[in-house]
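Novice: Take this structure first; my questions come after.
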Amino acid sequence: MLRFLTGGESHGPALVVVVEGLPAGMPITIETFDRELARRRLGFGRGPRQRFERDDLEIVGGVRHGATLGSPVSLVIHNSEWPKWQEEMSAAPGVTEKPLTQPRPGHADLVGMQKYGFDDARNVLERASARETAARVAAGVLAKELLSHLGTSVLSHVIQMGDARATAGLRPGPGDLDAVDASQVRCFDPAAEAAMVAAIKAAAKEGDSLGGVVEVLAYGVPPGLGSHVHWDRRIDGLLAQALMSIQAMKAVEMGEGFETAGRRGSQAHDEILWDAEQHDYRRETTRSGGVEGGMTTGELLVARVFMKPLATLNRPTLRTVDTVTKEETVSFKERTDVTAVPASGVVAETMVALVLANEALRKFGGDSLAEFTRNHAGYIASLS
């Protein structure tokens with residue numbers, strides 16, 4: 001079983017993550033983490049924070065001489081801005097001079113203050129911030145590396161930004177990740193990319209924000225990950241929970257789930273064919289998103305996640321109530337982006353990879369990478 005736990009606040013000294021359950025002998029380097037964390041900062045429409053904030057990652061346990069030890073991998077991502085926030089975010093006893101009391105609609109501020117009995121929204125927003133996803137992406141590096149030894153790769157691309165949409169069915173392949181990342185909005189459709197950039201510029205001009213849709217694709221997924229036998233073992237349920245856990249996500253779709261609900265059964269399913277040359281079953285469509293009966297089919301896994309517009313606006317106009325005076329006002333403003341949809345795709349890849357890696361470890365087991373891959377190879381051989 002692969003487990004991970006993150007800790008830390010947005011403006012605290014560091015984010016930390018511990019990943020437990022990885023087999024020994026898996027190659028990993030600091031450069032791999034740096035590349036993925038840099039991808040998380042991609043995207044037109046990001047705020048100025050991305051220009052000066054850097055993810056200074058340190059491996060403090062679980063790796064020796066470039067390979068995992070089988071013990072928990074412990075990582076720290078230092079906050080380059082910590083000197084500016086030492087007093088405000090100090091762990092020592094003290095009092096905040098200017099508490100935030102105008103909660104933002106659509107954010108965790110008010111409900112978090114009510115739940116935990118806080119009179120300052122900063123006690124909530126620091127942990128609710130999407131900055132926490134940097135730690136998740138670091139964990140995802142390990143999951144992606146593990147999956148690569150099974151021939152599985154996970155990538156994402158933006159298919160909608162505001163009302164600008166990419167051409168339906170135009171998808172990047174396993175070798176197209178660099179091309180996706182080279183796009184200003186991580187869109188694989190050049191014509192749609194221009195429309196998305198225009199939509200972001202229009203929203204920025206009005207101090208507003210935009211949401212969108214990211215499609216996550218997993219190639220080379222073994223059949224049989226997940227299970228039909230219990231509700232909490234179904235792979236589509238696990239993927240939905242993982243994707244919905246990302247800040248600002250409001251819906252998840254497997255394959256063509258939303259459209260399928262309006263179709264007749266004869267047009268809703270992926271027909272099963274036999275490939276005599278490959279001695280394998282295949283499906284020519286991806287309506288189910290590569291999942292049937294709570295298990296992966298071995299075909300392309302397709303999941304879409306829908307992100308709402310960010311709750312913090314550059315020109316605050318949403319009405320709220322001051323929690324002290326109870327008077328109507330507008331919400332306070334933290335530093336924000338016009339959109340974070342392109343970056344959210346990298347986080348979505350991470351969550352899909354972590355679910356698939358966990359289920360692969362459950363299925364194939366092994367204390368070492370060699371044992372894990374040997375068990376996988378034996379299983380695949382048995383299918384044909």
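None of the figures in this text is laboratory data; all of them are computed from the coordinates on show. Values in this document were obtained by computation on a predicted structure and should not be read as measured data. All Cβ positions, glycine included, derive from the backbone under ideal geometry; neighbour counts span all protein chains shown.
Novice: Which pairs in the list Lys84/Lys201; Lys115/Lys333; Lys115/Lys205; Lys98/Lys201; Lys115/Lys250 are over 24 Å apart, alpha-carbon to alpha-carbon?
Specialist: On the way: Lys84/Lys201 30 Å; Lys115/Lys333 22 Å; Lys115/Lys205 36 Å; Lys98/Lys201 33 Å; Lys115/Lys250 21 Å.
Correct reply: Lys84/Lys201; Lys115/Lys205; Lys98/Lys201.
Novice: If the elastic network links every pair of Cα atoms under 10 Å, which of Glu58, Glu284, Glu97 fluctuates the most in the Gaussian network model of the chain?
Specialist: Maximum fluctuation in the GNM of the chain, among the listed residues, is at Glu97.
Novice: In which sequence would His228, His157, His107 go, from the one with the fewest C-beta neighbours within 10 Å to the one with the most?
Specialist: Values: His228 12, His157 25, His107 22.
So the residues, fewest neighbours to most, are His228, His107, His157.
Novice: Could you list which residues have their amide H under 5 Å from that of Ala67, counting only those 5 or more apart in sequence or on another chain, with H placed in the peptide plane?
Specialist: Those qualifying (amide H under 5 Å, at least 5 residues apart or on another chain) are Ile28.
Novice: Moving on to the next point. Can you compute the helix-only [θ] at 222 nm over the chain? Use -39500 (n - 2.57) per DSSP H run of at least 4 residues, normalise by all residues, nearest 500 deg cm²/dmol.
Specialist: -9500 deg cm²/dmol
Novice: Write out the trypsin sites (Lys or Arg not before Pro) in segment 241-337 meeting two conditions: DSSP loop, and at most 13 other Cβ atoms within 10 Å of their Cβ. List each step's numbers first, then the result.
Specialist: Numbers: sites: Lys250, Arg263, Arg264, Arg282, Arg283, Arg287, Arg304, Arg319, Lys326, Lys333, Arg335; in loops: Arg263, Arg264, Arg283, Arg287, Lys326, Lys333, Arg335.
Those that pass, being in a loop and sparsely packed, are Arg263, Arg264, Lys326, Arg335.
Novice: How long are the three semi-axes of the equivalent ellipsoid of the chain, in whole Å, if each is the root of 5 times an eigenvalue of the C-alpha gyration tensor, listed from largest down?
Specialist: Working through the eigenvalues yields semi-axes of 37, 26, 19 Å.
Novice: Would you mind telling me which residue in Ser288, Ser156, Ser148 has the biggest mean-square fluctuation in a Gaussian network model of the chain, where springs connect alpha carbons within a distance under 10 angstrom?
Specialist: The residue with the greatest mean-square fluctuation here is Ser148.
Novice: Let me spell out the model: positive unit charges on the Cβ of Lys and Arg, negative unit charges on the Cβ of Asp and Glu, origin at the Cα centre of segment 3-383. What dipole size does that give, in debye rounded to 20? Display every interim value, and only then the final one.
Specialist: On the way: 42 positive and 50 negative charges, 102 e Å.
Approximately 480 debye in magnitude.
Novice: Moving on. Could you derive backbone 3J(HN,Hα) for segment 267-272 from the dihedral phi with the Karplus parameters 6.51, -1.76 and 1.60 (θ = phi - 60°), listing whole Hz in sequence and x where the residue is Gly or Pro?
Specialist: Those phi angles translate into 10, 10, 10, 8, 5, 9 Hz.
Novice: Among Leu354, Pro172, Gly112, whose Cα projects farthest towards the positive end of the dipole of the chain, with charges put on the beta-carbon of Lys, Arg (+1) and Asp, Glu (-1)?
Specialist: The one lying farthest along the dipole's positive direction is Gly112.
Novice: What angle do you read, to the nearest 10 degrees and between 0 and 90, between the alpha-carbon axis of helix 369-383 and the longest principal axis of the chain?
Specialist: That helix lies at roughly 50 degrees to the long axis.
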